[in-house]
Amino acid sequence: MDILNALVAFLNFVFIPGLAYGSQLALGALGVTLIYGILRFSNFAHGDTMAFGTMVTILVTWWFQSMGIGFGPLPTALLALPFGIAATAALLLLTDRAVYRFYRKQKAAPTILVIVSLGVMFVMNGIVRLIIGVEDQNFADGARFLITAGDFKTMTGLTEGLAIKTTQAVTVVTAGLTVAFLFWFLQKTRTGKSMRAFSDNEDLALLSGINPDRVVQVTWILAAAMATIAGVLYGLDKSFKPFTYFQLLLPIFAAAIVGGLGSPLGAIAGGFVIAFSEVMVTYAWKKVAAYLLPDSMAPDGLLQLMSTDYKFAVSFSILILVLIFMPTGLFKGKSV
(Lines give C-alpha, C1' and ligand atoms only; values in the text may rest on other atoms or scores of the structure.)
Protein backbone atom coordinates (compact mmCIF):
# COMPACT_ATOMS: atom_id res chain seq x y z
CA MET A 1 0.00 0.00 0.00
CA ASP A 2 2.91 2.36 0.69
CA ILE A 3 3.98 2.04 -2.95
CA LEU A 4 0.47 3.09 -4.01
CA ASN A 5 0.53 6.02 -1.57
CA ALA A 6 3.91 7.07 -2.97
CA LEU A 7 2.52 6.86 -6.49
CA VAL A 8 -0.50 8.99 -5.54
CA ALA A 9 1.77 11.57 -3.89
CA PHE A 10 3.91 11.66 -7.05
CA LEU A 11 0.82 12.12 -9.24
CA ASN A 12 -0.61 14.75 -6.92
CA PHE A 13 2.43 16.95 -6.50
CA VAL A 14 4.63 16.25 -9.53
CA PHE A 15 2.92 14.64 -12.51
CA ILE A 16 -0.42 16.50 -12.62
CA PRO A 17 1.04 19.97 -11.86
CA GLY A 18 3.85 19.27 -14.37
CA LEU A 19 1.34 18.16 -17.02
CA ALA A 20 -0.76 21.32 -16.57
CA TYR A 21 2.28 23.63 -16.47
CA GLY A 22 3.81 21.86 -19.47
CA SER A 23 0.60 22.37 -21.45
CA GLN A 24 0.73 26.09 -20.70
CA LEU A 25 4.40 26.38 -21.67
CA ALA A 26 3.82 24.33 -24.83
CA LEU A 27 1.11 26.73 -26.03
CA GLY A 28 3.32 29.72 -25.24
CA ALA A 29 6.28 28.13 -27.03
CA LEU A 30 4.08 27.37 -30.06
CA GLY A 31 3.40 31.10 -30.44
CA VAL A 32 7.11 31.89 -30.19
CA THR A 33 8.09 29.20 -32.70
CA LEU A 34 5.43 30.33 -35.20
CA ILE A 35 6.78 33.87 -35.16
CA TYR A 36 10.38 32.67 -35.40
CA GLY A 37 9.69 30.13 -38.13
CA ILE A 38 7.72 32.47 -40.40
CA LEU A 39 8.72 36.05 -39.52
CA ARG A 40 12.35 35.13 -38.74
CA PHE A 41 12.82 36.83 -35.37
CA SER A 42 12.48 36.06 -31.66
CA ASN A 43 9.46 37.96 -30.32
CA PHE A 44 10.42 39.10 -26.82
CA ALA A 45 6.99 40.73 -26.46
CA HIS A 46 5.27 37.32 -26.38
CA GLY A 47 5.05 37.16 -22.59
CA ASP A 48 3.34 40.53 -22.41
CA THR A 49 1.11 39.52 -25.33
CA MET A 50 -0.05 36.68 -23.06
CA ALA A 51 -0.62 39.21 -20.28
CA PHE A 52 -2.65 41.52 -22.55
CA GLY A 53 -4.89 38.71 -23.83
CA THR A 54 -5.43 37.44 -20.29
CA MET A 55 -6.24 40.95 -19.07
CA VAL A 56 -8.96 41.40 -21.71
CA THR A 57 -10.35 37.97 -20.87
CA ILE A 58 -10.43 38.87 -17.16
CA LEU A 59 -12.27 42.14 -17.82
CA VAL A 60 -14.88 40.38 -19.98
CA THR A 61 -15.15 37.61 -17.34
CA TRP A 62 -15.89 40.20 -14.64
CA TRP A 63 -18.50 41.76 -16.94
CA PHE A 64 -20.15 38.38 -17.49
CA GLN A 65 -20.11 37.67 -13.75
CA SER A 66 -21.71 41.04 -12.99
CA MET A 67 -24.58 40.09 -15.33
CA GLY A 68 -24.94 36.67 -13.73
CA ILE A 69 -23.57 34.80 -16.76
CA GLY A 70 -21.65 31.65 -15.85
CA PHE A 71 -20.47 28.38 -17.32
CA GLY A 72 -21.69 25.96 -14.68
CA PRO A 73 -18.83 24.02 -13.06
CA LEU A 74 -16.38 25.35 -15.67
CA PRO A 75 -14.65 28.76 -15.41
CA THR A 76 -16.57 31.69 -16.93
CA ALA A 77 -13.24 32.77 -18.45
CA LEU A 78 -13.71 30.10 -21.14
CA LEU A 79 -16.74 32.06 -22.40
CA ALA A 80 -14.71 35.28 -22.38
CA LEU A 81 -11.69 33.68 -24.08
CA PRO A 82 -12.79 34.45 -27.70
CA PHE A 83 -13.03 38.15 -26.80
CA GLY A 84 -9.48 38.07 -25.43
CA ILE A 85 -8.21 36.34 -28.57
CA ALA A 86 -9.97 38.86 -30.84
CA ALA A 87 -8.61 41.88 -28.93
CA THR A 88 -5.07 40.46 -28.84
CA ALA A 89 -5.16 39.61 -32.56
CA ALA A 90 -6.30 43.19 -33.32
CA LEU A 91 -3.47 44.59 -31.19
CA LEU A 92 -0.82 42.41 -32.85
CA LEU A 93 -2.07 43.24 -36.35
CA LEU A 94 -2.02 46.94 -35.46
CA THR A 95 1.48 46.60 -33.98
CA ASP A 96 2.70 44.78 -37.08
CA ARG A 97 1.29 47.48 -39.37
CA ALA A 98 2.65 50.34 -37.26
CA VAL A 99 6.03 48.89 -36.27
CA TYR A 100 7.24 45.57 -37.69
CA ARG A 101 6.17 46.08 -41.32
CA PHE A 102 8.52 49.06 -41.68
CA TYR A 103 11.52 46.93 -40.66
CA ARG A 104 10.46 44.04 -42.91
CA LYS A 105 10.37 46.39 -45.89
CA GLN A 106 13.84 47.63 -44.95
CA LYS A 107 15.07 43.99 -44.83
CA ALA A 108 16.30 44.67 -41.29
CA ALA A 109 18.45 42.02 -39.62
CA PRO A 110 16.70 39.71 -37.14
CA THR A 111 18.71 41.31 -34.33
CA ILE A 112 17.08 44.67 -35.08
CA LEU A 113 13.62 43.10 -34.95
CA VAL A 114 14.47 41.49 -31.60
CA ILE A 115 15.39 44.91 -30.20
CA VAL A 116 12.20 46.38 -31.65
CA SER A 117 10.18 43.61 -29.97
CA LEU A 118 11.79 44.61 -26.66
CA GLY A 119 10.37 48.11 -27.13
CA VAL A 120 6.97 46.66 -27.94
CA MET A 121 7.24 44.49 -24.83
CA PHE A 122 7.73 47.50 -22.54
CA VAL A 123 4.80 49.34 -24.14
CA MET A 124 2.49 46.33 -23.75
CA ASN A 125 3.65 45.81 -20.17
CA GLY A 126 2.85 49.43 -19.36
CA ILE A 127 -0.59 49.23 -20.96
CA VAL A 128 -1.53 46.11 -19.00
CA ARG A 129 -0.32 47.52 -15.68
CA LEU A 130 -2.08 50.83 -16.31
CA ILE A 131 -5.43 49.18 -17.05
CA ILE A 132 -5.62 46.30 -14.56
CA GLY A 133 -2.96 47.21 -11.99
CA VAL A 134 0.02 45.31 -10.63
CA GLU A 135 -1.67 43.14 -7.98
CA ASP A 136 -2.72 39.49 -8.19
CA GLN A 137 -6.12 39.01 -9.86
CA ASN A 138 -7.97 35.77 -9.18
CA PHE A 139 -10.72 35.26 -11.75
CA ALA A 140 -11.32 31.51 -11.52
CA ASP A 141 -14.87 30.43 -10.66
CA GLY A 142 -17.02 27.33 -11.07
CA ALA A 143 -16.20 24.06 -9.32
CA ARG A 144 -12.81 24.15 -7.63
CA PHE A 145 -11.99 20.43 -7.80
CA LEU A 146 -12.75 17.65 -10.24
CA ILE A 147 -11.70 15.12 -7.59
CA THR A 148 -11.06 16.06 -3.96
CA ALA A 149 -8.48 14.37 -1.76
CA GLY A 150 -11.17 13.35 0.73
CA ASP A 151 -13.34 11.69 -1.92
CA PHE A 152 -10.33 9.85 -3.32
CA LYS A 153 -9.37 8.53 0.13
CA THR A 154 -12.94 7.34 0.70
CA MET A 155 -13.05 5.57 -2.67
CA THR A 156 -9.65 3.88 -2.42
CA GLY A 157 -8.92 3.58 1.30
CA LEU A 158 -5.43 4.98 0.77
CA THR A 159 -3.73 7.32 3.23
CA GLU A 160 -2.69 9.75 0.51
CA GLY A 161 -5.43 11.66 -1.32
CA LEU A 162 -5.40 12.64 -4.98
CA ALA A 163 -6.83 16.08 -5.76
CA ILE A 164 -7.35 17.24 -9.35
CA LYS A 165 -8.28 20.89 -9.74
CA THR A 166 -10.85 21.79 -12.38
CA THR A 167 -8.42 24.33 -13.81
CA GLN A 168 -5.78 21.61 -14.31
CA ALA A 169 -8.24 19.40 -16.20
CA VAL A 170 -9.45 22.38 -18.26
CA THR A 171 -5.82 23.29 -19.05
CA VAL A 172 -4.90 19.85 -20.37
CA VAL A 173 -8.11 19.40 -22.41
CA THR A 174 -8.05 22.93 -23.85
CA ALA A 175 -4.36 22.69 -24.72
CA GLY A 176 -4.91 19.33 -26.44
CA LEU A 177 -7.80 20.68 -28.53
CA THR A 178 -5.84 23.83 -29.42
CA VAL A 179 -2.76 21.87 -30.52
CA ALA A 180 -4.93 19.47 -32.56
CA PHE A 181 -6.60 22.42 -34.32
CA LEU A 182 -3.26 24.10 -35.04
CA PHE A 183 -1.74 20.96 -36.58
CA TRP A 184 -4.90 20.36 -38.62
CA PHE A 185 -4.78 23.96 -39.83
CA LEU A 186 -1.10 23.80 -40.79
CA GLN A 187 -1.35 20.39 -42.47
CA LYS A 188 -4.75 20.44 -44.19
CA THR A 189 -5.76 23.99 -45.06
CA ARG A 190 -4.48 25.98 -48.01
CA THR A 191 -3.42 28.86 -45.79
CA GLY A 192 -1.56 26.50 -43.46
CA LYS A 193 0.31 24.95 -46.37
CA SER A 194 1.20 28.44 -47.58
CA MET A 195 2.61 29.24 -44.15
CA ARG A 196 4.72 26.10 -44.15
CA ALA A 197 6.02 26.85 -47.64
CA PHE A 198 6.82 30.44 -46.62
CA SER A 199 8.71 29.15 -43.59
CA ASP A 200 10.73 26.60 -45.60
CA ASN A 201 11.74 28.92 -48.47
CA GLU A 202 10.44 32.48 -48.58
CA ASP A 203 11.74 33.29 -52.08
CA LEU A 204 10.32 30.13 -53.65
CA ALA A 205 7.01 30.72 -51.89
CA LEU A 206 6.79 34.23 -53.35
CA LEU A 207 7.56 32.89 -56.83
CA SER A 208 4.72 30.38 -56.35
CA GLY A 209 2.24 33.23 -55.91
CA ILE A 210 1.80 33.07 -52.13
CA ASN A 211 0.63 36.36 -50.67
CA PRO A 212 3.21 37.29 -47.99
CA ASP A 213 0.95 39.86 -46.31
CA ARG A 214 -1.76 37.25 -45.79
CA VAL A 215 0.76 34.78 -44.35
CA VAL A 216 2.03 37.43 -41.93
CA GLN A 217 -1.49 38.37 -40.83
CA VAL A 218 -2.53 34.76 -40.21
CA THR A 219 0.70 34.15 -38.30
CA TRP A 220 0.00 37.06 -35.95
CA ILE A 221 -3.59 35.88 -35.44
CA LEU A 222 -2.46 32.36 -34.57
CA ALA A 223 0.26 33.71 -32.27
CA ALA A 224 -2.36 35.89 -30.55
CA ALA A 225 -4.62 32.85 -30.06
CA MET A 226 -1.79 30.71 -28.67
CA ALA A 227 -0.61 33.49 -26.35
CA THR A 228 -4.08 34.32 -25.02
CA ILE A 229 -5.09 30.71 -24.44
CA ALA A 230 -1.76 29.97 -22.69
CA GLY A 231 -2.03 33.12 -20.57
CA VAL A 232 -5.63 32.48 -19.52
CA LEU A 233 -4.95 28.84 -18.65
CA TYR A 234 -1.91 29.85 -16.58
CA GLY A 235 -3.93 32.58 -14.83
CA LEU A 236 -6.76 30.17 -14.03
CA ASP A 237 -4.37 27.55 -12.69
CA LYS A 238 -2.32 30.02 -10.63
CA SER A 239 -3.36 33.68 -10.63
CA PHE A 240 -2.89 36.69 -12.87
CA LYS A 241 -0.14 39.20 -12.23
CA PRO A 242 1.35 41.18 -15.16
CA PHE A 243 4.99 40.83 -14.07
CA THR A 244 4.62 37.04 -13.81
CA TYR A 245 4.06 36.84 -17.56
CA PHE A 246 7.24 38.80 -18.18
CA GLN A 247 9.07 36.18 -16.08
CA LEU A 248 7.42 33.36 -18.04
CA LEU A 249 9.30 34.52 -21.12
CA LEU A 250 12.41 32.60 -19.98
CA PRO A 251 10.81 29.12 -19.63
CA ILE A 252 8.77 29.69 -22.81
CA PHE A 253 11.86 30.53 -24.86
CA ALA A 254 13.73 27.70 -23.18
CA ALA A 255 10.93 25.32 -24.23
CA ALA A 256 10.99 26.59 -27.83
CA ILE A 257 14.79 26.32 -28.07
CA VAL A 258 15.02 22.93 -26.36
CA GLY A 259 12.45 21.51 -28.79
CA GLY A 260 13.94 23.32 -31.80
CA LEU A 261 12.98 26.84 -32.84
CA GLY A 262 10.61 26.74 -35.79
CA SER A 263 9.37 23.22 -34.99
CA PRO A 264 5.79 23.02 -33.60
CA LEU A 265 6.37 19.47 -32.36
CA GLY A 266 9.57 20.63 -30.72
CA ALA A 267 7.74 23.45 -28.94
CA ILE A 268 5.32 20.96 -27.38
CA ALA A 269 8.07 18.54 -26.35
CA GLY A 270 10.22 21.38 -25.01
CA GLY A 271 7.32 22.72 -22.95
CA PHE A 272 6.94 19.43 -21.11
CA VAL A 273 10.71 18.95 -20.71
CA ILE A 274 11.05 22.36 -19.06
CA ALA A 275 7.90 21.99 -16.94
CA PHE A 276 8.74 18.57 -15.52
CA SER A 277 12.36 19.60 -14.96
CA GLU A 278 11.27 22.64 -12.92
CA VAL A 279 8.68 20.71 -10.91
CA MET A 280 10.91 17.70 -10.16
CA VAL A 281 13.95 19.76 -9.16
CA THR A 282 11.98 22.09 -6.86
CA TYR A 283 9.65 19.48 -5.31
CA ALA A 284 10.37 18.30 -1.75
CA TRP A 285 10.55 14.50 -2.11
CA LYS A 286 10.32 13.78 1.64
CA LYS A 287 6.72 12.53 1.52
CA VAL A 288 7.33 10.15 -1.41
CA ALA A 289 10.55 8.85 0.19
CA ALA A 290 8.79 8.32 3.53
CA TYR A 291 6.29 5.97 1.89
CA LEU A 292 8.98 3.98 0.07
CA LEU A 293 11.72 3.73 2.72
CA PRO A 294 11.66 1.88 6.07
CA ASP A 295 11.03 4.00 9.19
CA SER A 296 14.69 3.66 10.18
CA MET A 297 15.72 5.28 6.88
CA ALA A 298 13.04 7.97 6.83
CA PRO A 299 14.62 11.28 5.72
CA ASP A 300 14.89 14.19 8.15
CA GLY A 301 15.22 16.89 5.50
CA LEU A 302 12.90 17.93 2.70
CA LEU A 303 14.95 16.19 -0.03
CA GLN A 304 14.51 19.30 -2.14
CA LEU A 305 17.25 19.99 -4.65
CA MET A 306 16.31 23.64 -5.13
CA SER A 307 13.83 26.07 -3.60
CA THR A 308 10.80 27.03 -5.69
CA ASP A 309 12.11 30.62 -5.59
CA TYR A 310 14.82 29.49 -8.02
CA LYS A 311 12.72 27.42 -10.41
CA PHE A 312 13.54 29.68 -13.34
CA ALA A 313 17.21 28.85 -12.78
CA VAL A 314 16.33 25.33 -13.96
CA SER A 315 14.99 26.70 -17.25
CA PHE A 316 18.04 28.92 -17.64
CA SER A 317 20.46 26.05 -16.99
CA ILE A 318 18.72 23.78 -19.52
CA LEU A 319 18.67 26.63 -22.04
CA ILE A 320 22.42 27.22 -21.69
CA LEU A 321 23.21 23.50 -22.03
CA VAL A 322 21.06 23.17 -25.16
CA LEU A 323 22.59 26.26 -26.75
CA ILE A 324 26.08 24.87 -26.14
CA PHE A 325 25.62 21.22 -27.09
CA MET A 326 22.49 21.10 -29.30
CA PRO A 327 21.70 24.55 -30.76
CA THR A 328 19.08 23.14 -33.15
CA GLY A 329 17.14 21.47 -30.32
CA LEU A 330 15.59 18.03 -30.01
CA PHE A 331 13.62 18.23 -33.27
CA LYS A 332 16.32 19.88 -35.38
CA GLY A 333 14.79 23.31 -35.67
CA LYS A 334 16.57 26.41 -36.88
CA SER A 335 19.91 27.14 -35.24
CA VAL A 336 19.79 29.94 -32.70
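What to note about this one:
- Carbon + sulfur, % of accessible area of the stretch 90-246 - ligands and nucleic acids excluded, 1.4 Å: 61 percent
- Of Lys238/Lys311; Lys241/Lys286; Lys165/Lys238, pairs whose Cα-Cα distance is over 19 Å: Lys241/Lys286
- Legend: calculated FRET efficiency, Asp136 to Met297, from the Cβ-Cβ distance at R0 = 51 Å, rounded to 0.05, equals 0.80.
- Sequentially through the stretch 85-92, phi angles give Karplus couplings (6.51, -1.76, 1.60; θ = phi - 60°) of 5, 5, 5, 5, 4, 4, 5, 5 Hz, Gly and Pro residues having no value and appearing as x.
- Net dipole in debye of the stretch 84-181 [+1 Lys, Arg Cβ; -1 Asp, Glu Cβ; about Cα centre; nearest 20]: 660 debye
- Heavy-atom surface of the chain, accessible at 1.4 Å and reported per residue (Å²): 47 Å²
- Applied to the stretch 170-186, the Karplus parametrisation 6.51 cos²θ - 1.76 cosθ + 1.60 on θ = phi - 60° returns per-residue 3J(HN,Hα) values of 4, 4, 5, 5, 5, 4, x, 5, 5, 5, 4, 5, 4, 5, 4, 4, 6 Hz, with x for Gly and Pro.
- Assuming charge only on the beta carbon of Lys and Arg (+1) and of Asp and Glu (-1), the dipole of the chain about its Cα centre is about 1100 debye to the nearest 20.
- Alpha carbon centroid spacing (whole Å) that separates the stretch 157-177 from the stretch 251-286: 20 Å
- Average Cα contact separation per residue, the chain, under 8 Å, 6 or more apart, as relative contact order %: 31 percent
- Here the Karplus curve 6.51 cos²θ - 1.76 cosθ + 1.60, taken at θ = phi - 60°, turns the phi angles of the stretch 215-221 into couplings of 4, 5, 4, 5, 4, 5, 5 Hz, with x standing for Gly and Pro.
- Gained length - Val114 relative to Leu250, 0.36 nm times residue gap less alpha-carbon distance: 47.5 nm
- Mean-position separation - Cα centroids, the stretch 60-87 and the stretch 296-314, in angstrom: 38 Å
- Compactness of the stretch 1-126, expressed as Rg and Dmax over alpha-carbon positions, Å: 19.4, 67
- For the chain, the mean residue ellipticity at 222 nm estimated from helices alone is -22500 deg cm²/dmol, where every DSSP H run of n ≥ 4 contributes -39500 (n - 2.57) and the total is divided by all residues, rounded to the nearest 500.
- Working ranking of peptides 99-107, 137-145 by packing, defined as the average number of other Cβ atoms within 10 Å per residue, highest first, is 137-145, 99-107.
- Distant-in-sequence amide contacts of Ile147, defined by a placed amide H-H separation under 5 Å and a gap of 5 or more residues or a different chain, comprise Ile164.
- Options Thr328, Tyr283, Leu293, ranked by Cα towards positive dipole end of the stretch 270-336, top entry (Cβ charges): Thr328
- The peptide list 90-97, 30-37, put in order of mean Cβ contacts within 10 Å with the highest first, becomes 30-37, 90-97.
- Taking 0.36 nm per residue of sequence separation and removing the Cα-Cα distance, the Leu204/Thr148 pair yields an extension gain of 14.6 nm.
- Eigenvalues of the alpha-carbon gyration tensor of the stretch 290-336, scaled by 5 and square-rooted, set the equivalent ellipsoid semi-axes at 37, 14, 7 angstrom, largest first.
The values are calculated or read from the model by the stated rules, or taken from the named source; none is laboratory data. Computed from a predicted model, the values in this text were never measured in an experiment. FYI the Cβ positions are ideal-geometry reconstructions off the backbone, even for glycines, and counts take in every protein chain you see. Please note that ligands, DNA and RNA were not included when accessible areas were found on the heavy atoms of the full protein model with its side chains. Shrake-Rupley method; radii C 1.70, N 1.55, O 1.52, S 1.80 Å.
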